[in-house]
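Notes for the one structure printed next.
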Amino acid sequence: MTGTRKSFEAAHGSPVCQRPAITQNDLEPNDPELYERLADQWWRPRGAFVMLHWLAAARAQLVPPPRPGAVLVDLGCGAGLLAPHVSGYHHIGVDFSQEALRQARERGVRAIRGDVLAVPLPDGCADVVVAGEILEHVTDLSAAVAEACRLLRPGGLLVLDTLADTAVCRLVAVQLAERLGLAPRGVHDPALFVDRARLVRECAAHGVRLALRGIRPSLPDLLAWSLRRGQTVRMVPTASTAVLFQGAGRKKGMTCGPARSR
């Protein structure tokens, strides 16, 4: 979100109901190359990754205030969208996109290029591990969960959000969200959407008791945003975890402080 723009439309895009979804027809679904091609979109207020900003703000509400010296590891950090919401932590971001990591560094993140299936960090290094909108992109859920839990200190907190492996999620997240321009076309492979019961079991196997809750965009906020009468959209709790859901749980052992919302 740097540099001058020739017009308001170039800077912000047109309303969601009028602009076509961004598409990269030569790429397979879930191709990492998409993030390189759309790297200039990360910090645009109405760019291709706008919904990731809303989700980052909601994710941060599950992260407790930091104790002195606390470390937060941000898996799949992208361009550092979580950074404005977690000040006070030693914020380490892990991602594979070089350009996204460059932008994350500009926002104070200690950015490390690496695979979330084999994170180049030591065991027990983190007070908080965040896995935001990444588990639905990995080809090995077990390995991703094992790595996230491995990084946690005893009592450390795991925070995540992802997409559920359900028919309604495939309809909402792919057919609707991508068509409306709330996500880039082809960013998801529905075959990788996350089985909720399996996710809970995988976390439990590594000593993390994960609690889930559903979230969705506030409909009044979404309407106001689409009409250019609002700058952002709050994510609000919902009874169902069948589409988009958050998870939070502590690793067994001595606690690092209460898990309370900001």
Quiz item: Can you give the relative contact order of the chain as a percent, counting alpha carbon pairs under 8 Å and 6+ residues apart?
Solution: 22 percent
Quiz item: Extension gain LEU117-LYS252, at 0.36 nm per residue separation less the Cα-Cα distance, in nm?
Solution: 46.4 nm
Self-check item: Amide H contacts of THR238 (H built 1.01 Å from N, under 5 Å, at least 5 apart or other chain)
Solution: GLY214, ILE215, ARG216
Exercise. On a 0 to 90° scale, report how tilted helix 196-205 is relative to the longest principal axis of the chain, with both axes built from alpha carbons and the result rounded to the nearest 10.
Key: 30 degrees
Quiz item: What is the order of ASP74, ASP40, fewest Cβ neighbours within 10 Å to most?
Solution: ASP40, ASP74
Exercise. Find the centroid of the Cα atoms in region 180-255 and in region 40-89, then give the distance between the two in whole Å.
Key: 14 Å
Quiz item: How do 52-61, 176-185, 221-230 rank on mean C-beta neighbours within 10 Å, highest first?
Solution: 52-61, 176-185, 221-230
Practice problem: Match the structure shown to one of the listed values (i) 19.2; (ii) 25.7; (iii) 18.6 of Kirkwood radius over Cα pairs in Å, computed from it, and give that label. | Solution: (iii)
Practice problem: Grab the beta carbon distance between GLU106 and ASP140, set R0 = 25 Å, and tell me the FRET efficiency rounded to 0.05. | Solution: 0.20
Exercise. Rounded to the nearest 10 degrees, what's the angle between the helix 50-60 long axis and the longest principal axis of the chain, both from Cα atoms, 0 to 90?
Key: 30 degrees
Quiz item: Taking the Cα atoms of region 179-259, what is the range of coordinates along each of the three principal axes, in descending order and whole Å?
Solution: 48, 33, 21
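Only the coordinates and a few stated rules stand behind these numbers; no lab work does. Because the structure is predicted, anything quoted here is derived from the model rather than measured. Note that each Cβ is placed from the backbone with ideal geometry, even for glycine, and that neighbours are counted across all protein chains shown.
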